[in-house]
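See below for the structure under consideration.
The values are calculated or read from the model by the stated rules, or taken from the named source; none is laboratory data. Since the model is a prediction, treat every value here as computed from it, not as a measurement. Cβ coordinates were reconstructed from backbone atoms using ideal geometry, including for glycine residues, and neighbour counts include every protein chain displayed. Heavy atoms of the whole protein, side chains included, go into the accessibility calculation; ligands, DNA and RNA do not. Shrake-Rupley method; radii C 1.70, N 1.55, O 1.52, S 1.80 Å.
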Amino acid sequence: MRPKPEMIAGKFHAEITLIPPPGFRGDMDNRIKVLLDFAQHMRLIENDNLCQGIHVTYGDRKNQSIGARVVLRAMAGD
């Protein structure tokens, strides 16, 4: 088990890859809010309103497990 990373206190960028199950018909933008709220709840980020940019893509179900991959990066200088 990996240790929990330190919380990002300040502005950050998010990269999100969504890998929905077959037949999924949800909106991409609805998934973003849930993931950033969860990151805040888990104390990975100080506050989701400090997000300065988001890059969201759909992944390939053939090569990736169903779910989401979230990469959070603190902005330099903050």
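Numbers below:
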read-out: Residues satisfying the stated conditions in the stretch 57-75, i.e. in contact with a Lys or Arg (Cβ under 8 Å, 6 or more places away or on another chain) and closer than 30 Å to Pro22 by Cα; value: Gly59, Ala68
read-out: Of all residues making up the stretch 5-33, the number that are among the charged types (D, E, K, R) and surrounded by 15 or more Cβ atoms within 10 Å (Cβ to Cβ); value: 2
read-out: The stretch 1-38, subset assigned to a loop (DSSP other than H, G, I, E, B) and at pLDDT 90 or above, residue nearest to Ile54 (Cα to Cα); value: Lys11
read-out: Residue pairs meeting the criteria (Cβ under 6 Å; at least 6 apart or on separate chains; first within 18 Å of Tyr58 (Cβ to Cβ), in the stretch 22-46; second part of a helix (DSSP H, G or I) and open to solvent by less than 70 Å² (accessible area, probe 1.4 Å)); value: Leu36/Asp48
read-out: Residues that are open to solvent by 50 Å² or more (accessible area, probe 1.4 Å) and part of a loop (DSSP other than H, G, I, E, B), drawn from the stretch 56-78; value: Asp60, Arg61, Lys62, Asn63, Gln64, Ser65, Ile66, Met75, Ala76, Gly77, Asp78
read-out: Flag if Arg2 is open to solvent by 50 Å² or more (accessible area, probe 1.4 Å), more than 10 Å from the chain's Cα centre (by Cα) and of a type in the set (Lys, Arg); value: yes
